Amino acid sequence: MKKGALIIGDFLGMILEFIPVIIVSIFILFVAFAFLNEKIDTHDIEVFMLSRDLLYSDSCLAFSDDYRVFPMHVDTKKLDDERLGSCFSKSSMGFRITLLDSQGREVKSAKSLTLKQEGYLTKGASVNYPVCKAVPEYKCSKRKELIVYHTENKIQSGFLVIEVVNRVS
Amino acid sequence: MLAKKAMFGMPFLFWPSMLLLLIILIFYSFVFFGLGAAKSPDVVAKASDYSDSGKLIALLSFPVDDSGRTVSDVLSSNPKEDKIKLVEKQVRLLLLQFEKPKDKNAFWNFVVSADSKEIISIRESSIGADRFFEQEIYLPSKDKSLFKVNLFLNCFGCSEEDLSGI
């Protein structure tokens, strides 16, 4: 009986001895886990890449003649849903392009959006994308680029508004 | 035996040191999780780091008169004072329409210089402001000299979040 009590006492002593070690180990584990799983937000760079793809590529919206492609020049003939869908595709990403003249009036618009994405990217909402803000898995943003656009017989300056909805998690 | 004594023989030392350990851990939990100290800034893709000269290219392609001559066409042709004034006026209007961080003291600046002399200087900044999105292009002129064109955003107290999407 005396021997048994001694064993239990030794065991409890060992547990107490290890309590600080266990606490510190759990703390280190938590810190390491938090830092290894640090969220890398790539939404903005993805939107930037999309805008450059649209404005620099001949297969997207960039104006071209027989000799060269003009970056930041938009060919209005190329601005349609079909072309947008083929020039850039990422299943988790949808976008709407609106061409504005220098006074801010809409000239032309096109989109590459699924029905669900269109619901998130509400057009003309006074508050920026209320549906999108309410759903944390999606991120919506707007980018406005100064551009030059080519119509049938004229070159004018204006703005290209790129609205993007992206599934981030 | 000594360790046993430290715990059971000297409880006045063991429990205060446990309490001290917990206080230290709570402090570091606040530092690491609350303040996010030691988090690497490199894992965040910064808007100011991946910008290109797109804005400046578009600005220089802007038609300034009815004949369709662009800002770069005018600058390349060794313009006279009145033409420079026209370009400056048009660029000033365009810069006002550029996206800027909201609720911040931010201004787009446009400077054209040749032989270290400024020909067009649209500058506005606040004290202690930082430069972002610096873009630079060299334009050849008719007399074979070079015009250096700079565009940058001056902003005071702008964070990475403020600059995203610009």
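The values are calculated or read from the model by the stated rules, or taken from the named source; none is laboratory data. Please read all numbers here as calculations on a predicted model, not as lab measurements. Cβ coordinates were reconstructed from backbone atoms using ideal geometry, including for glycine residues, and neighbour counts include every protein chain displayed. Heavy atoms of the whole protein, side chains included, go into the accessibility calculation; ligands, DNA and RNA do not. Shrake-Rupley method; radii C 1.70, N 1.55, O 1.52, S 1.80 Å.
The table below gives the values:
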quantity	calculated
Matching residues in the range B:130-144 - criterion: being outside any strand (DSSP E or B) and open to solvent by less than 30 Å² (accessible area, probe 1.4 Å)	B:141
Residue count, the range A:80-134 (criterion: assigned to a strand (DSSP E or B), in contact with a Leu (Cβ under 8 Å, 6 or more places away or on another chain) and either open to solvent by 40 Å² or more (accessible area, probe 1.4 Å) or not basic (Lys, Arg) (or both))	14
Considering residues of the range B:1-35 that are at pLDDT 60 or above and either among the small types (Gly, Ala, Ser) or more than 30 Å from residue A:35 (Cβ to Cβ) (or both) only, the residue most open to solvent (accessible area, probe 1.4 Å)	B:12
Residues within the range B:94-118 that are in a strand (DSSP E or B) and either open to solvent by less than 30 Å² (accessible area, probe 1.4 Å) or without any contact (Cβ under 8 Å) to a residue 40 or more places away in the chain (or both), tallied	10
Which numbered condition residue A:75 fails, given (1) over 27 Å from residue B:162 (Cα atoms); (2) acidic (Asp, Glu); (3) surrounded by fewer than 14 Cβ atoms within 10 Å (Cβ to Cβ)	(3)
Residue A:156 being assigned to a strand (DSSP E or B), within 14 Å of chain B (Cβ to nearest Cβ) and not aromatic (Phe, Trp, Tyr)	yes
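For every residue, the table says whether it meets (1) within 9 Å of chain B (Cβ to nearest Cβ); (2) open to solvent by less than 30 Å² (accessible area, probe 1.4 Å); (3) not in a helix (DSSP H, G or I).
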residue	(1), (2), (3)
A:15	no, no, no
A:19	yes, no, no
A:33	no, no, no
A:50	no, yes, no
A:55	yes, yes, no
